[in-house]
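Reading through the structure tokens given below for one structure.
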Amino acid sequence: MKAAVFTAPNMIAYQENYPDPKPGDGFLLRIRASGICGTDIKALAGNRPGMQPPMILGHEMAGEVIDSAMPEFQTGERVSVAPYAGCGICKFCLEEREDQCKHKTFPSDGAFAEKVSVPKLLAQKTAWKIPASISFEEASMAEPLACVVFSMKSCRWEPGWSILVVGAGFMGMLHVLLASAWGASKILVSEPNPVRRALAQQLGAITHDPAADGDIAKWAAAQTNGSGPHVVITAIAIPEVVESVIDAARPGGVVHLFGGLPKDKTISVPSYAIHYKSISLVGTSGFRTRDYMLAADMIANGTIDLKPLISNRFPLANAQQGFEMAKSGEAMKVLLLNE
Ligand SMILES: [Zn+2]
Ligand SMILES: [Zn+2]
């Protein structure tokens with residue numbers, strides 16, 4: 001099969017004769033659309049110990065079933081599937097924390113390829129049929145949306161709340177869309193890039209330019225009758241900026257550290273904000289199956305429209321270019337497509 005193989009740090013080699021995945025107890029998926037994610041970019045730089053070359057990257061996918069051992073999934077059906085599912089029987093799974101499961105089931109390989117083999121357990125738990133009205137491109141974004149569903153749920157989100165999203169990259173923007181779908185009374189976004197600010201405004205946010213509009217926390221307070229937003233999402237990886245917005249949440253509010261900081265980085269937290277203002281500091285990465293299924297339903301039913309977030313499309317053969325674009329900071333979501 002054709003595959004875009006991660007062969008060495010910062011190198012993607014397009015290969016036409018990569019070994020086909022073996023059909024197992026689930027089905028083979030012919031991938032039609034796959035998204036490049038921040039995790040893939042970190043892995044390509046060689047910064048992920050568990051993801052070393054040679055391997056195929058990519059975990060956001062949608063395509064067609066081409067060979068199935070499962071009667072529920074027939075050849076030709078349009079399907080999207082999550083990149084993992086919890087084992088279901090470990091203590092973390094039983095505590096509904098599949099994101100922490102150490103025995104996850106994965107597809108045979110990464111999604112930047114023509115085909116991938118989906119094991120039965122993963123298919124049973126997460127595969128969903130894409131309605132005719134929804135494109136492969138939209139369906140491939142169920143995984144990042146699932147991560148944002150988990151993020152917002154861990155903030156104990158309620159309709160009518162206000163939210164400040166710091167950093168309007170793709171994941172920040174997904175928080176904007178989900179907050180809007182879930183009844184936010186006010187959506188605030190702080191973002192230095194004017195193109196991204198303009199898109200955030202289009203999606204219903206009031207925006208803050210850190211270079212011109214001063215302190216984020218003061219601005220957010222002024223936008224919320226002096227109280228501060230109920231939820232603050234840090235969708236960036238700059239420790240100083242994270243520190244500067246912990247006190248931006250209203251008393252009793254929640255600050256979510258969504259953007260992953262390097263392991264060796266520490267941040268300092270104003271203890272009075274936790275104690276006297278009763279602000280909760282939370283964090284998640286990844287998703288649980290229930291978050292993934294909710295994200296899939298929202299996409300399938302048209303409850304959330306992710307199309308405005310697709311900025312670039314490249315054929316799989318030009319995956320290297322796709323990565324360059326994704327790294328440039330100019331892109332929102334870059335998709336790799338198979339005909
Ligand atoms: Zn992702
Ligand atoms: Zn488990």
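None of the figures in this text is laboratory data; all of them are computed from the coordinates on show. Predicted model only: the values in this text are computed from it and were never measured. A quick note on method: Cβ atoms are made from the backbone with ideal geometry, for glycine too, and the neighbour counts reach across all protein chains shown.
Quick notes on this structure:
- For the stretch 217-293, trypsin sites (Lys or Arg not before Pro) are listed when DSSP marks them as loop and at most 13 other Cβ atoms sit within 10 Å of their Cβ; the list is 263, 265.
- Computed over the stretch 146-282, relative contact order equals 22 percent, with contacts defined as Cα pairs under 8 Å that lie 6+ residues apart.
- Along the stretch 278-286 the Karplus relation, 6.51 cos²θ - 1.76 cosθ + 1.60 evaluated at θ = phi - 60°, assigns HN-Hα couplings of 6, 7, 8, 10, 10, x, 9, 9, x Hz to successive residues, with x for each Gly and Pro.
- The chain, helix-only ellipticity at 222 nm - DSSP H runs n ≥ 4, -39,500 (n - 2.57), divided by all residues, nearest 500: -8000 deg cm²/dmol
- Debye, to nearest 20: dipole size of the chain, +1 on Lys, Arg Cβ, -1 on Asp, Glu Cβ: 480
- Over the chain, equivalent-ellipsoid semi-axes from the Cα gyration tensor in Å: 35, 21, 19
- Here's how it looks for residue 67: its modeled amide H is under 5 Å from those of 28, which are all 5 or more places away or on a different chain.
- When the charge dipole of the chain is built from unit charges on Cβ atoms (+1 for Lys and Arg, -1 for Asp and Glu) and taken about the Cα centre, the candidate among 331, 31, 183 whose Cα reaches farthest toward its positive end is 183.
- Grouping the Cα pair distances of the stretch 146-282 into 10 Å bins from zero gives a pair-distance distribution of 13, 49, 34, 4 percent in increasing distance order.
- Backbone HN-Hα couplings from phi across the stretch 39-53 [Karplus 6.51/-1.76/1.60, Hz, Gly and Pro as x]: 4, 5, 5, 4, 5, 4, 6, x, 8, 10, x, x, 10, 10, x
- Centre-to-centre separation between the Cα atoms of the stretch 1-52 and those of the stretch 195-261: 35 Å.
- All other residues whose Cβ lies under 15 angstrom from that of residue 250 are scored, Lys and Arg at +1 and Asp and Glu at -1, for a net of +2.
- From the C-alpha gyration tensor of the stretch 17-114, square roots of 5λ in Å: 23, 21, 12
- Using alpha-carbon coordinates, inclination of helix 142-154 to the longest axis of the chain, degrees: 30
- Only beta bridges with both residues in the chain are counted; by DSSP, about 55 percent of them are antiparallel.
- Helix 289-300 vs. the chain, principal-axis angle (Cα, 0 to 90°, nearest 10): 90
- Crossing angle, helix 170-181 versus the chain [Cα axis fit, 0-90 degrees, rounded to tens]: 70
- Qualifying trypsin sites (Lys or Arg not before Pro) for the stretch 92-146 [loop in DSSP, other Cβ within 10 Å: at most 12]: 102
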